[in-house]
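Everything below concerns the one structure shown next.
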Amino acid sequence: MKHFFFASVSLLLIFLAGSGCKKASVAQEPPLPVNVVTAIEKEVNEWDEFTGRLEAVEFVEIRPRVSGYITEIRFNAGAIVKKGDLLYVIDPRPYQADFDRAAAEVERMDAQLKLAQIELNRAKELRDKNTISASEFDQKAATYQGSAAAKSSAEAAKNSAALNLEFTQIKSPIDGRVSDARITLGNLVQPGAGPESVLTTVVSVDPIYAKVDADENAVLKYVKLSEEGKRVSARTAKIPGFVELGNETDFPHEGYIDFVDNRLDPGTGTIRARVVLKNWNPNFITPGFFARVRVAGATPYRAALIDDRVISSQQGLKYAFVVKPDNTIERRTLETGPLFEGKRIVKRGLKDGEKVVSTRLQMLRAGMSVTPVPEPTSASEPDTKAIVTQTKSAK
């Protein structure tokens, strides 16, 4: 009996000790103070960005079309020239002599033609009276035809001489900016296709192209969106394009895509396209500058925006910790898009006004209680300092 009593007391003590441990184990931790940012819903554009170069709409290599010595240079290196402005003068005297000779030959052939016409008319009258034979009449007709052909040949030679004389004045075929004089006064120049025959170059300055190479994935995306009716094709409509240079931001210059090449380069996996835009500073902006081009990747739609730093990634999945109304947190899987106005587009997973935890992300787990503290919009201090400041002010 005594042993049974002690055994009962021992069991009671063990049960009470176990109850105390259980109560200690279920004691809840205090809510963790965290900073939160608010998701904002807006109408957004998905922008695709490409790199490229500015290029001239027109580019001309100025070459001589006749041989001769340079006698005049009529332009200043690097100046703006107009179509038809005189650039070079080749010694015209030999060509002037050829032209005068050809003009005199035309006059001589014209005189012979008139004489042949008179003799042919007289032969017609005599032939009608049967005064001359048919063969003599045919001879007069042939003489006339030969004189007419000789005059035509002389006129062709005159026109050729006139062209050569005109080519001694080398003029700009386009409006644009001229380069320097590659060949100076007194040098002999000759027509040819090699680099040694280039006298100078002229490039147009306004409008100007921004040429880019679009990657294959972007092209396939555009094709799919076009098939779904969510985006018009650049081949059938003028898609707006926005350009910025290396020292600019926010793509301040607007143009439109006017060309997409007819094949994809299998070596690079890209296709050429170009944006034509007005040159906003023709005196300084010239072909060759590095440029970035931005185009709309899809039709505008509404989506949530959030700071990119609050989004985490695990095995390719994007997620964030969202504060529920009862101040517990939920791990939310997100479908994200590109940046828009400095914030990340969230296509699915967030709604307007929801609070997302922005600090102590490594300490969080789903279901835990937190004390959400709105993050200061102009805070420049580290996140932990922001939490301490906000918690102290709350107290």
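Quick note: the coordinates plus some simple rules give every number you see, no bench work behind them. For clarity, every value in this text was computed on a predicted model and none was experimentally measured. Here the Cβ positions follow ideal geometry from the backbone for every residue, glycine too, while neighbour counts run over all protein chains shown.
Summary of computed values
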read-out: Spin-label model distance (nm) - Asp138 vs Glu29, 7 Å beyond Cα toward Cβ; value: 12.3 nm
read-out: The chain - mean residue ellipticity at 222 nm from DSSP helices (-39,500 (n - 2.57) per run, n ≥ 4, rounded to 500); value: -10500 deg cm²/dmol
read-out: For Ile40, residues with placed amide H under 5 Å, excluding near neighbours; value: Leu305, Gly353
read-out: Relative contact order %, region 70-117, counting alpha carbon pairs below 8 Å whose residues are six or more apart; value: 34 percent
read-out: Entry for mean projected area of the Cα convex hull in nm² (calculated from the structure that is shown) out of (i) 41.7; (ii) 23.1; (iii) 20.9; value: (i)
read-out: Distance (nanometres) between label positions extended 7 Å along Cα→Cβ at Asn283 and Asp265; value: 3.6 nm
read-out: Nonlocal amide H pairs with Ile174, under 5 Å, H built at 1.01 Å; value: Gly84
read-out: GluC sites (Glu not before Pro) restricted to region 76-168 and DSSP loop, no more than 13 other C-beta within 10 Å; value: none
read-out: Paramagnetic label zone (point 7 Å from Cα along Cα-to-C-beta, Glu227; backbone N under 18 Å) in region 259-281; value: 264
read-out: The chain: most fluctuating residue of Pro191, Pro30, Pro207 per GNM, C-alpha cutoff 10 Å; value: Pro30
read-out: Kyte-Doolittle at least 0.5, axis length at least 30 Å by Cα - qualifying DSSP helices, the chain; value: 2-25
read-out: HN-Hα J in Hz across region 240-254 - Karplus 6.51, -1.76, 1.60, θ = phi - 60°, x for Gly and Pro; value: x, x, 10, 10, 9, 8, x, 9, 10, 9, 6, 6, x, 10, 9
read-out: Pairwise FRET efficiency - Ala149 versus Glu61, Cβ, R0 = 30 Å, nearest 0.05; value: 0.15
read-out: Segment Glu216-Lys83, length gained on full extension (0.36 nm per residue, minus Cα span); value: 43.9 nm
